[in-house]
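The values are calculated or read from the model by the stated rules, or taken from the named source; none is laboratory data. All values derive from a computational prediction rather than experimental measurement. A quick note on method: Cβ atoms are made from the backbone with ideal geometry, for glycine too, and the neighbour counts reach across all protein chains shown. Side chains are part of the model used for accessible areas, which takes the heavy atoms of the whole protein and leaves out ligands, DNA and RNA. Shrake-Rupley method; radii C 1.70, N 1.55, O 1.52, S 1.80 Å.
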Amino acid sequence: MFDSTIRYILKSVGIDLSTKFPTSPISFKKILKHYTNLTFIQESLDSETDGMYIRSNKGYFIVINKDRPLNRRRFSVGHEFGHYILGHDSDITQAKNSHNQSEVEADNFSSSILMPPDIIYELSKDDMTISEMATWLRVSKITVAFRCLYLGIREHEAIEVKNAITHN
Ligand SMILES: [Zn+2]
């Protein structure tokens, strides 16, 4: 649902949506440096918290829990960046809040920016499994599975991945 906004953002920061790279070209380091009023911080947060988005009279801040694994941190940066782009209020991202409207939107934004359709369709054509796609994209398998279901590709495999994870 944010695909055209995201295509514009990625183009304007000079990210090439090619699958020829050894790993995903979606780099938040590259993206965020173009947003000069937004400050990115990684630090230890309490164990319930993945990240925070702060809007204040001193500017905009994304704070990510640095104790989380890389894939999770990448998803969290996409999520908090989504709050910023979508004009949301300050927010603390914790699993227990995950059904709030703005949380759902920020999660969708993160999935969309980490897995643009052009890239997913191309990887899918290359016969990668969902697990291989997740490794290349540096996101979790379940995140790729949900994205595939949303885009209507690899549905059978995506449901298997989803069932294997949610039934554990
Ligand atoms: Zn949030």
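Here r is the Cβ-Cβ distance between A164 and T5 and R0 is 25 Å; the resulting FRET efficiency, rounded to 0.05, is 0.15.
Nearest 0.05, what FRET efficiency do Q101 and K58 give at R0 = 30 Å with Cβ-Cβ as r?
That pair, Q101 with K58, gives E of 0.65.
Roughly how many percent of the accessible protein surface of the chain is carbon and sulfur, given a 1.4 Å probe and a whole-percent answer? The computed percentage sits at 52.
When the helices in the chain are scored as -39500 (n - 2.57) per DSSP H run of 4 or longer and the sum is shared across all residues, what 222 nm value do you end up with, to the nearest 500 deg cm²/dmol?
On the way: 8 runs with 85 residues, N = 168.
That calculation yields -15000 deg cm²/dmol at 222 nm.
Any idea what the relative contact order of the chain is, in percent, if you count C-alpha pairs under 8 Å spaced at least 6 apart?
Working: 224 pairs, mean separation 34.4, N = 168.
Reported relative contact order: 20 percent.
Between the helical axis of 155-166 and the longest alpha-carbon principal axis of the chain there is an angle of about 60 degrees.
Each peptide in 61-67, 25-31 was scored by the mean count of other Cβ atoms within 10 Å over its residues; highest first, the order is 61-67, 25-31.
Based on the Kirkwood radius over alpha-carbon pairs, what value in µm²/s does the Stokes-Einstein equation return for the translational diffusion coefficient of segment 115-168 at 25 °C and 0.890 mPa s? Please list the in-between numbers first.
Numbers: Rh = 10.8 Å.
Answer from the Stokes-Einstein relation: 227 µm²/s.
For Q94 and S18, the FRET efficiency from 1/(1 + (r/R0)^6), where r spans their Cβ atoms and R0 equals 35 Å, is about 0.50.
Per the Debye formula on identical point scatterers at the alpha carbon atoms of segment 1-113, with no solvent, log10 I(q)/I(0) at q = 0.18, 0.20, 0.21 Å⁻¹ is -0.92, -1.13, -1.24.
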